[in-house]
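Report on the structure given below.
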Amino acid sequence: MPEFTLEEVIERVARGESLERADLRELDLAKANLDNANLRRADLEGANLEEATLRRANLASVSLRDAFLVRANLEGANLRGADLESANLEGANLRGADLSRANLEGANLEGADLTGARLPSAQLIDAKLGVATLENAVFANADLRNAYLGGANLTAVDFQNAILESANFEEALLTGANLRDAVLRRAALPGADLSGAKLERAVLEGADLSQVSLLEADCRHATFQGARLKGAKFSRTHLYGSDFSIEVADGAEVDEVDFSVAGDGSQLIPASALAAFLNGKTDGGTASPQAAAATAAAPAPTNRRYFGHGDVLRDASLEFDADSIVEVDGRFLKCNITLGQGAQLIIGRDGLLDGCQVHGSGILVVHGRFTSDAAPGIDGARRIIVGATGCVRATVKQPPGHTHFAFEPGCVLRLKTETA
């Protein structure tokens, strides 16, 4: 039996008194005014809060399992760590609410408004978010396996590092969405609009991308293996380092695609030349400079490693096999790195290699910083590419065939070269 009656709850909230840890299970609070209420750690399991107003309420770590919150107003509410498993939030207003680490497994959020809501590391397995408004919401590191988001407005939503396996995004609006490092394995996205979306390093294996728009989407280093691309629209899509191939593109509508390292549109390949480009040949059968670049730009990522923000390695010895793709947005300090034949070491904008040595016949791509006082700091690299935001200060020992260098305007260089 609830600890308080409806009238007592309303009176306490009106007087600004705390209801922290209160037992309000199964209580009928429909249409109650609970704005600014302190319900931290309260037990509201199975409670009826239909059309209740809980604006800016403190609901941190509250239990709302199986609660009925249809059309409830939770704008700006603090729901950090709340348990909303199987709760019904259909049509609820959660604009600007904080649901960090909340449990929404199996919850019904269809038609809900979560504009600007924060859900980092939240659990949304099997949640229903059909036709919900999620514009600018944050789902970084969240788990949305098997979630339904059909027809949802996901404009500029942040799904970085999110688990989206087998999630359903049919006809969803994902323009400008951040899906970097997201796992979309077997996800259903037929008819979704991913124009301008950021899909760097996204895993799209076995995903249904039929009729998807990828206009100017950044798919560098993304994995498309086994994806269905019938009717998918590739136009000025950035594909450097992805496993995009003629076989993968079967059934897709390709206008022109970009294979530039920086994803800046500087290496646009029209549809008429795509096959020759990806096969490494011109129409006459001779390898072209662009085709040679494609070989480096789009290898099959058989061995991919990623070191993200916050990853710090010190005094480590690392060895990466031939044709590996290694991406660093973290910090490597005084590490010894060996690259196999054709392996790529990519230092992101936020990446730092300080005091490190890189050995082997690999490819070094620098958008962040590489500084080394060792002699040599880079030994045997086949190719060194430094982007506009890159900084390299090191001694380079070139192999017998020499190192090929490429530098974008704006990069900072202090290089000394030696020959073997």
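The table for this structure:
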{"quantity": "Lysines with Cα under 27 Å of residue 397, excluding same-chain neighbours fewer than 8 positions away", "calculated": "334, 416"}
{"quantity": "Cα-based equivalent ellipsoid of the range 332-394: semi-axis lengths in Å, sorted from largest, via gyration tensor", "calculated": "16, 14, 10"}
{"quantity": "For the chain, share of DSSP beta bridges that run antiparallel, in % to the nearest 5", "calculated": "5 percent"}
{"quantity": "Hits among lysines - C-alpha to C-alpha of residue 233 under 26 Å, sequence gap 8 or more where chains match", "calculated": "198, 281"}
{"quantity": "Positive-end residue of 114, 376, 389, charge dipole of the chain with Cβ unit charges", "calculated": "376"}
{"quantity": "Accessible area of the chain divided out per residue, in Å², using a probe of 1.4 angstrom", "calculated": "42 Å²"}
{"quantity": "As computed over the range 39-181, the Cα convex hull volume per residue (Å³)", "calculated": "65 Å³"}
{"quantity": "Binned Cα-Cα distance frequencies in the chain - 20 Å width, integer %", "calculated": "26, 42, 25, 6, 0"}
{"quantity": "Mean projected area in nm² (Cα convex hull; one quarter of hull surface) for the range 229-276", "calculated": "3.0 nm²"}
{"quantity": "Relative counts (whole %) of C-alpha pair distances in the range 114-222, using bins that are 10 Å wide", "calculated": "19, 59, 22, 0"}
{"quantity": "Residue-averaged 222 nm ellipticity for the chain, from DSSP H runs of 4+ at -39500 (n - 2.57), nearest 500", "calculated": "-1500 deg cm²/dmol"}
{"quantity": "The range 108-165: trypsin sites (Lys or Arg not before Pro) falling in loop per DSSP and having at most 10 other Cβ within 10 Å", "calculated": "none"}
{"quantity": "Theoretical gain in end-to-end length, residue 323 to residue 350 [0.36 nm per residue, Cα-Cα removed]", "calculated": "7.4 nm"}
{"quantity": "Carbon plus sulfur fraction of accessible area for the range 316-403, probe 1.4 Å, in percent", "calculated": "43 percent"}
{"quantity": "Percent accessible area from carbon and sulfur atoms, the range 14-158, protein chains only, probe 1.4 Å", "calculated": "37 percent"}
{"quantity": "Residue 316-residue 36 FRET efficiency (beta carbon distance; Förster radius 41 Å; 0.05 resolution)", "calculated": "0.20"}
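The values are calculated or read from the model by the stated rules, or taken from the named source; none is laboratory data. For clarity, every value in this text was computed on a predicted model and none was experimentally measured. Please note: Cβ atoms are built from the backbone with ideal geometry, for glycine as well, and neighbour counts cover all protein chains shown. Accessible surface areas use protein heavy atoms only, side chains included; no ligands, DNA or RNA. Shrake-Rupley method; radii C 1.70, N 1.55, O 1.52, S 1.80 Å.
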